[in-house]
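Worksheet for the structure shown next.
The values are calculated or read from the model by the stated rules, or taken from the named source; none is laboratory data. Fair warning: this is a prediction, and the values are worked out from it, not measured in the lab. Virtual Cβ from ideal backbone geometry, glycine too; neighbours counted across all protein chains shown.
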Amino acid sequence: MVDTRTQPVPKSGVESLRFAEKDLYRLAEKHGTPYFLIDEATLRKKVNEIEQAFQEFKGAFRVAYSMKANFNPSVIRIFVGEGILFDITAPSELYFLLKCGGTPENVLYTSITETLAEYDSVLKLGVRRIVVASHNGLNNLIEAAGRAEAEVEVMVRVNPEVHVKAELRGSLKHGKFGMQLDGDNQDAALPVLKKILSTPGLKFEGFHFHLGSQVEDQECYAEAIEKLEGFILRARKEIGEFGVNTIDIGGGLPVSYGRIVPTPKDLGTKIVGQLNSLMESLGVKFTLVAESGRYLSAEAMILVSRIVNVKDFGENRYVYLDAGYNVLLDAALLKHEYPVEVIPGGPSTYPKTVLVGRLCDPLDIFPTSSRSKLGGAEAGKLVVFRDVGAYSIVMNMPFHSQPKPCVLMRNAHGNYLMARERQDVHALFLEEGGNLLDGKPSTD
């Protein structure tokens with residue numbers, strides 16, 4: 001039986017290793033397929049890579065994990081052990097963090113809806129650093145802080161409106177995230193900043209922006225920092241001096257998925273000098289925060305599926321797996337290309353090998369990256385999807401009444417642990433309302 005204990009271990013310099021084929025087959029025989037497999041050493045390595053990338057920054061530097069990417073409790077506990085911050089956007093994420101040993105002091109709470117009930121909930125649980133992005137959101141926070149009799153550190157989320165070359169953009173004219181730096185209405189950054197500075201019980205903490213996901217051209221960070229500096233200097237002329245304790249440059253560090261992309265070190269080289277100059281310009285020594293969900297988690301997990309059938313259609317070979325996009329949803333939604341490998345591999349004798357899932361849906365075809373190796377595909381062999389640690393298990397869905405796969409973890413000592421048990425089909429039946437078929441009265 002797999003050990004279900006996921007005890008944190010000290011930070012280590014253990015290098016991430018590829019999983020041995022014999023281990024993948026042994027785990028498949030023992031636990032069935034498909035299954036996910038996480039590598040603890042890689043999670044810790046990724047934290048270190050980001051920290052090293054900003055080591056020349058002259059102020060304090062903190063990594064923040066965006067929990068939306070992967071909220072498996074074993075993953076959270078490892079990052080808690082690393083002592084990093086957590087970017088959280090829902091009370092339910094806070095619940096997960098606290099249950100995994102995290103503390104409210106290490107939370108950056110960035111709500112999207114900014115409701116009064118939400119702020120009441122997180123302040124009650126001890127969160128004291130809140131990022132606001134609207135006039136109404138700030139009013140709700142003020143009311144909630146008064147009820148809780150709490151002093152709250154407030155950050156202002158801005159939209160620098162710079163061009164971003166990325167898979168998903170969060171800046172330019174995309175107004176869902178953040179406030180305009182030069183706007184003239186109540187939801188612009190300056191009026192919100194003024195209200196924070198003048199409200200008892202609120203302490204202005206700093207600024208936050210998020211430019212996008214999978215940012216490929218890092219020039220946008222430099223442009224955003226330049227715009228933010230200009231805003232701060234203009235605001236000081238209008239309303240007087242104010243301190244800046246924290247600047248959060250958001251996420252966007254890209255994962256390669258088989259393509260050449262900038263590294264965290266590249267970003268550090270690009271903007272650390274500019275950030276050091278910004279400290280001198282502002283006359284303050286602020287803490288720099290860099291968020292990441294995808295970069296910290298993606299390369300630390302694989303999906304293992306089994307080939308259950310093959311079919312020749314013309315000159316091409318169709319390879320059928322026992323997994324579908326219900327376990328890798330962005331393969332269908334975003335046509336996301338993962339590196340895929342047949343284990344063991346072999347020569348490719350077909351012009352094209354098409355990898356398809358087990359769902360009755362024409363969209364259930366897996367795009368594959370340039371790193372994919374599909375030669376030797378035969379029924380019974382395993383197929384490994386690499387770099388699936390971000391935005392995969394968080395979007396598992398029960399299409400065709402499919403239970404969630406199990407999640408395993410190789411810890412820093414090389415032992416394999418259970419990180420999430422395979423969902424039982426009967427449990428899924430009950431969860432979907434099967435327990436209500438006995439005619440019990442409504443709760444109305």
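Here are some notes:
- The selection criterion, being in contact with a Ser or Thr (Cβ under 9 Å, 6 or more places away or on another chain) and closer than 18 Å to F286 by Cα, does not hold for G230.
- Selection count, the range 34-46, where residues are surrounded by fewer than 22 Cβ atoms within 10 Å (Cβ to Cβ) and either among the β-branched types (V, I, T) or not in a helix (DSSP H, G or I) (or both): 1
- In the range 58-80, the count of residues that are among the hydroxyl-bearing types (S, T, Y) and over 28 Å from L329 (Cα atoms) is zero.
- A Cβ distance below 7 Å, combined with a sequence gap of six or more or placement on separate chains, defines the contacts here; from the range 357-375, residues that are within 14 Å of H400 (Cα to Cα) reach residues that are among the β-branched types (V, I, T) and assigned to a strand (DSSP E or B) in the pairs D364/V356.
- E299 being touching a Pro at 6+ places or on another chain (Cβ under 6 Å) and charged (D, E, K, R): no
- The range 98-123 - residue that is of a type outside the set (A, V, I, L, M, F, W, C) and assigned to a strand (DSSP E or B) and, of those, nearest to E153 (Cα to Cα): Y109
- Considered as a group, the residues in the range 293-312 that are more than 23 Å from the chain's Cα centre (by Cα) and within 19 Å of H31 (Cα to Cα) include one that is surrounded by the fewest Cβ atoms within 10 Å (Cβ to Cβ), and that residue is V308.
- Yes/no for E315 being of a type in the set (D, E), under 24 Å from G32 (Cα atoms), surrounded by fewer than 14 Cβ atoms within 10 Å (Cβ to Cβ) and assigned by TED's automatic domain parsing to the domain that holds C406: no
- Within the range 177-197, the residues that satisfy the criterion of being in contact with a Lys or Arg (Cβ under 8 Å, 6 or more places away or on another chain) and crowded, with 22+ Cβ neighbours inside 10 Å are G178, M179, L181.
- The set of residues from the range 62-80 being of a type outside the set (A, V, I, L, M, F, W, C) and either touching an Asp or Glu at 6+ places or on another chain (Cβ under 7 Å) or within 20 Å of L37 (Cβ to Cβ) (or both) comprises Y65, S66, N70, N72, P73, S74, R77.
- Selected residue [hydroxyl-bearing (S, T, Y), touching a Lys or Arg at 6+ places or on another chain (Cβ under 7 Å) and at pLDDT 95 or above] from T42, T33: T33
- Subset of the range 48-61 (residues that are surrounded by 17 or more Cβ atoms within 10 Å (Cβ to Cβ) and touching a Gly at 6+ places or on another chain (Cβ under 9 Å)): I50, A53, F54, F57
- Residues that are charged (D, E, K, R) and more than 23 Å from F399 (Cβ to Cβ) were ranked within the range 362-384; the one that is nearest to the chain's Cα centre (by Cα) is R371.
- Failed item in (1) assigned to a helix (DSSP H, G or I); (2) buried (at least 16 other Cβ atoms within 10 Å of the Cβ), with Y95 passing the rest: (2)
- Test: V131 is under 20 Å from the mean Cα position of the chain (by Cα), in a strand (DSSP E or B) and on the phi < 0 side of the Ramachandran plot: yes
- Single residue of the range 392-403 satisfying the filter (under 20 Å from the mean Cα position of the chain (by Cα) and not aliphatic (A, V, I, L, M)) that is farthest from D39 (Cα to Cα): N396
- Strands (runs of 3 or more DSSP E) (entirely within the range 200-289) containing at least 3 residues that are under 27 Å from H336 (Cα atoms) and not acidic (D, E): 212-215
- Some residue of the range 154-173 being surrounded by fewer than 20 Cβ atoms within 10 Å (Cβ to Cβ), in a loop (DSSP other than H, G, I, E, B), in contact with a His (Cβ under 7 Å, 6 or more places away or on another chain) and hydrophobic (A, V, I, L, M, F, W, C): yes
- Note on the range 198-229: among residues that are farther than 28 Å from S297 by Cβ and in contact (Cβ under 8 Å) with a residue 40 or more places away in the chain, the one that is surrounded by the most Cβ atoms within 10 Å (Cβ to Cβ) is L202.
- Residue satisfying condition, being modelled with pLDDT of 95 or more, of a type outside the set (F, W, Y) and within 19 Å of the chain's Cα centre (by Cα), within set L98, L24: L98
- All positions within the range 182-199 that are more than 29 Å from the chain's Cα centre (by Cα) and assigned to a loop (DSSP other than H, G, I, E, B): D182, G183, D184, N185, Q186, T199
- For the range 279-311, a residue qualifies if it is touching a Ser or Thr at 6+ places or on another chain (Cβ under 8 Å) and small (G, A, S), and the qualifying residues are S292, G293, A300, S305.
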